[in-house]
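Enquirer: The structure follows.
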Amino acid sequence: MSKAGWSTLELMAVAAAREIANGEVVFAGTGLPMLAALLAQHTHAPESNIVFEAGSIDPRMQQLPMSVGDSRTLLKAAQAGGLFEVFNYVLQGGRVDVGFLGGAQIDRYGNLNSTAIGTDPRRPEVRLPGSGGSADLAALSKRTVIIARHERRRLPERVDYCTSPGWLSGGRSREEAGIRGGGPAALVTTMAVIRYRADSHEPYLSSYHPGFSPAQVQSQTGFKLDLADAIETPAPTPQELAILRNTVDPERIFLG
Amino acid sequence: MTVNTKVIGLEEAAALVPSGASVSIGGFTSQRHPSALLRALVRKGVRDLTIYYHSAGSDVDLLIGAGCVRRLEGAYLADGVFAPIAPNFRRHVQQGRLEVEDYSNAAMMARFAAGAMGLPFLPTRSMLGTDMVDEVPADRTPGRTAAGTPKKFVAHCPFSGDKVVLVPAIRTDFCLLHVQQASAQGLVRIEGQEFLDVQQALSADSVIVTCEELVDDDHLRLEPERNRIPPFAVQAVVPARFGAHPHSVHNHYDYDPDHLGAYDSAARSDETFAHYLETFVFGPADHCAYLDAIGGLRRLDQLRPKRGLGYNPDLRRKDRGTQ
């Protein structure tokens with residue numbers, strides 16, 4: 001908890017929620033993305049729809065799920081199907097506006113690694129859980145928002161293993177690979193919000209969280225950031241904080 | 001009306017699965033796995049399984065930790081918040097004790113669906129530009145893995161010219177499912193999310209279903225639109241109440257945060273996991289003794305869902321292990 005009266009996780013959840021527009025279809029994974037999606041529904045985006053890859057479509061949840069397959073994702077859902085319906089008809093069918101992603105490594109162009117750290121993926125230094133739906137969301141959502149802890153080793157120039165495609169090597173490389181969906185719009189971290197320039201898809205510092213300077217953010221980032229347009233991340237409002245704490249995560253499962 | 005019954009016991013069902021078999025397991029991370037049957041498989045000492053999975057949790061991780069698995073093909077192995085990386089999986093892969101071939105969930109969905117439909121492959125628009133597709137070394141014929149099985153590769157659609165990834169169908173020897181209701185004749189009723197159970201079942205030569213309740217066949221025939229697997233695809237039905245514990249079964253019981261937390265801790269080393277196996281798999285004489293070992297009716301009562309919700313809203317989920 002900062003002197004300002006909110007924690008980094010709360011600020012991140014609020015910043016991520018603000019990436020969601022009213023009426024959008026949101027594909028959310030476990031953790032902070034769920035906080036962001038629910039907070040958005042309770043504030044500026046009441047008509048957004050949440051989709052979970054395990055099969056639940058547009059529920060009215062009362063409790064945070066521990067995973068995307070949790071029974072809690074089913075409460076008053078519009079539909080309960082399975083992976084077949086969600087991946088084919090919702091995601092590959094082009095109906096997801098914003099997909100939330102996370103990974104152990106995120107590189108300069110927003111490519112993610114959630115498979116293996118090290119030079120040989122068959123004998124990795126650290127084996128991670130694997131793609132799950134991450135690669136699918138990264139390829140097929142109209143845009144993605146990435147959430148990550150901001151540490152230099154987690155933000156290298158190039159990921160050890162590309163599990164989920166971002167802007168690949170920048171420029172037109174994503175389009176040339178044949179990928180349909182839109183690519184990363186924002187990377188929300190514990191220090192900053194990073195976005196990507198049109199056409200070149202080079203990363204730039206969009207905002208730095210209160211308490212940090214642009215130079216501090218750059219020093220904790222393994223690739224070069226354009227700092228020219230950076231502003232301070234707007235603080236959470238009392239209303240956003242109240243909803244986050246009292247309605248979205250009163251058990252403090254993800255807020256800690 | 002036939003009176004043939006497919007009902008057998010847990011140990012009898014485990015005896016059907018030989019070492020070296022290819023297997024897929026129903027459920028999703030911490031939900032609706034046939035855990036009692038998996039414990040029976042471990043007790044029987046099955047070895048060298050090839051497991052096909054999409055979003056597995058401590059179901060597949062248990063088999064890995066017990067030394068039952070030789071090769072994995074799939075997308076994700078973790079127990080949600082309870083275990084962000086499946087611990088036995090992580091350690092065994094890092095130590096080079098296990099072969100893994102990585103796919104995305106959409107790709108595994110397409111692979112099981114292709115197998116279920118009798119097709120040799122399906123295209124997906126996912127995985128383009130990722131290292132999951134770029135794994136084929138230049139000196140090997142594209143389309144084959146080291147193990148000689150068919151492999152994904154990039155192709156152009158003959159109609160549109162679009163790039164797609166072709167993924168090979170999966171046909172397994174066995175699919176093991178846990179569901180809410182089944183009849184002795186092999187009708188299956190799943191409540192809540194289906195996950196990928198239907199496609200996994202229909203891409204297997206033999207389907208073994210464990211169930212919370214054995215119900216009358218005619219009862220399930222009152223609402224045939226809710227039955228998604230044809231009974232002639234099911235080989236065996238095994239009544240196993242609380243058979244998914246420590247995982248959840250929608251409308252029947254919640255996941256057990258205490259046990260999943262203890263599992264995550266125990267599975268982080270071979271020594272502590274051996275103790276876990278002794279306590280919860282080899283020690284208890286049968287499934288009922290297992291349920292006593294995890295806290296008996298006192299614990300199971302705490303997992304009971306509230307009617308109309310399908311889960312227990314009062315379950316203590318944080319600070320696990322202190323309840």
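Enquirer: Would you mind working out the magnitude of the charge dipole of the range B:148-229 relative to its Cα centre, with +1 at each Lys and Arg C-beta and -1 at each Asp and Glu C-beta, to the nearest 20 Debye?
Expert: In debye, rounded to 20, the range B:148-229 gives about 680.
Enquirer: Okay, moving on. Using R₀ = 56 Å, calculate the FRET efficiency as 1/(1 + (r/R₀)^6) where r is the Cβ-Cβ separation of A:TYR204 and B:ARG228; round to 0.05.
Expert: Efficiency, from the Cβ-Cβ distance: 0.70.
Enquirer: Once both labels are modelled 7 Å past Cα along the beta-carbon direction, what's the A:ARG172-B:GLU271 spacing in nm?
Expert: 6.0 nm
Enquirer: Relative to a virtual label point 7 Å from the Cα of B:ASP301 in the Cα→beta-carbon direction, which members of the range B:254-283 show backbone nitrogen distances below 17 Å?
Expert: The answer is B:254, whose backbone nitrogens lie closer than 17 Å to the label point.
Enquirer: Which residues in the range B:227-263 place their backbone N less than 14 Å from a point set 7 Å from the Cα of B:ALA289 along the Cα-to-Cβ direction?
Expert: none
Enquirer: Based on the alpha-carbon gyration tensor of chain A and its eigenvalue square roots a ≥ b ≥ c, which shape applies: rounded if a/c is under 1.5, prolate if not and a/b is larger than b/c, or oblate?
Expert: Oblate, because a/c is 1.5 or more while a/b does not exceed b/c.
Enquirer: On a straight-distance basis, which lysines could pair with A:LYS224 in a cross-link, Cα separation under 27 angstrom, same-chain partners fewer than 8 positions away excluded?
Expert: Partners found: A:LYS142.
Enquirer: Each residue of the range A:69-85 in turn: what ³J(HN,Hα) in whole Hz from Karplus with 6.51, -1.76, 1.60 and θ = phi - 60°, glycine and Pro shown as x?
Expert: These are the phi-based 3J(HN,Hα) values: x, 4, 4, 5, 6, 8, 4, 6, 5, 6, 8, 10, x, x, 4, 4, 5 Hz.
Enquirer: For peptide B:247-255, compute the average count of partner chain beta-carbon atoms within 10 Å of each residue's beta-carbon.
Expert: For peptide B:247-255, the averaged partner shielding equals 3.
Enquirer: Would you mind checking which residues have amide H under 5 Å from B:ALA204's amide H? H placed 1.01 Å from N; only 5 or more apart, or other chain.
Expert: B:THR172
Enquirer: Here's another thing I want to ask about it. Hey, can you grab everything whose amide H is under 5 Å from the amide H of A:ASP107? Only 5+ residues off in sequence or another chain; H modelled, so Pro and N-termini drop out.
Expert: A:VAL159
Enquirer: Please compute one quarter of the surface area of the Cα convex hull for the protein assembly as shown and express it in square nanometres. Don't skip to the answer; put the middle values down first.
Expert: Numbers: hull surface 102.9 nm².
The directionally averaged projection comes out at 25.7 nm².
Enquirer: Something else: Run the dipole for chain A about the Cα centre, Lys and Arg Cβ at +1, Asp and Glu Cβ at -1, nothing else charged, and hand back the magnitude in debye, nearest 20.
Expert: Working: 25 positive and 26 negative charges, 69 e Å.
Approximately 340 debye in magnitude.
Enquirer: Along the charge dipole of the range A:119-204, pointing to its positive end and built from +1/-1 on Cβ of Lys, Arg, Asp and Glu, which listed residue (A:SER169, A:ALA198, A:GLY132) has its Cα farthest out?
Expert: A:GLY132
Enquirer: A follow-up question, please. Can you give the FRET efficiency for B:LEU16 and A:GLU125, using 1/(1 + (r/R0)^6), R0 = 51 Å, r = Cβ-Cβ distance, to the nearest 0.05?
Expert: 0.85
Enquirer: Taking the number of other C-beta atoms within 10 Å as the exposure measure, put B:PHE232, B:PHE242, A:PHE87, B:PHE82 in order starting with the fewest.
Expert: B:PHE232, B:PHE242, B:PHE82, A:PHE87
Enquirer: Also, quick follow-up: Taking a threshold of 28 Å on the Cα-Cα distance, which of the pairs A:LYS76/B:LYS318; B:LYS6/B:LYS44; B:LYS44/B:LYS152 fall above it?
Expert: B:LYS44/B:LYS152
Enquirer: A further question on this structure: log₁₀ I(q)/I(0) of the range B:161-313 at q = 0.11 Å⁻¹, via Debye over equal Cα point scatterers, no solvent, to two decimals?
Expert: With no solvent term, the Cα-only Debye profile gives -0.55.
Enquirer: Mind listing the long-range amide H neighbours of A:PHE100? Cut-off is under 5 Å, sequence gap 5 or more, other chains count too, H placed in the peptide plane at 1.01 Å from N.
Expert: A:PHE27, A:GLY29, A:VAL145
Enquirer: Same structure, new question: Over chain B, what relative contact order in percent results from Cα pairs under 8 Å that are six or more residues apart?
Expert: Here the relative contact order equals 19 percent.
Enquirer: Something else: Considering the dipole of chain A built from charges on the beta carbon (Lys and Arg +1, Asp and Glu -1) around the Cα centre, which of A:ALA16, A:VAL51, A:GLN41 is farthest to its positive end?
Expert: Of A:ALA16, A:VAL51, A:GLN41, it is A:ALA16.
Enquirer: Looking at the range A:8-248, what % of its DSSP beta bridges pair antiparallel, to the nearest 5? Could the numbers behind the result be given before it?
Expert: Working: 16 of 34 bridges.
Among the beta bridges of the range A:8-248, antiparallel pairing accounts for roughly 45 percent.
Enquirer: OK, next. Provide the per-residue ³J(HN,Hα) series for the range A:234-240, in order, calculated from phi with Karplus coefficients 6.51, -1.76, 1.60 and θ = phi - 60°, each as a whole number of Hz, with x at glycine and proline positions.
Expert: Karplus-based 3J(HN,Hα) across the range A:234-240 equals x, 5, x, 7, x, 5, 4 Hz.
Enquirer: Could I ask something else about it? Please report, in debye to the nearest 20, how large the charge dipole of the protein assembly as shown is about its Cα centre when each Lys and Arg carries +1 at its beta carbon and each Asp and Glu carries -1 there.
Expert: Details: 59 positive and 65 negative charges, 111 e Å.
I would put it at about 540 debye.
Enquirer: Tell me, what HN-Hα J-couplings in whole Hz come from the Karplus equation 6.51 cos²θ - 1.76 cosθ + 1.60 at θ = phi - 60° for each residue of the range A:217-229, using x for Gly and Pro?
Expert: 4, 4, 5, 9, 10, x, 9, 6, 10, 7, 9, 4, 9
Enquirer: Further question on the same structure: Sort out for me the Cα centre separation of the range B:268-314 from the range A:48-121, rounded to whole Å.
Expert: So the two Cα centres are separated by 28 Å.
Enquirer: Could I ask something else about it? Report the rotationally averaged projected area of chain B based on its alpha-carbon convex hull, in square nanometres.
Expert: 18.1 nm²
Values in this text are rule-based calculations from the coordinates and carry no lab data. Quantities reported herein were computed from a predicted structural model and do not represent experimental measurements. Ideal geometry is used to build each Cβ from the backbone, glycine not excepted, and the neighbour counts take in all protein chains shown.
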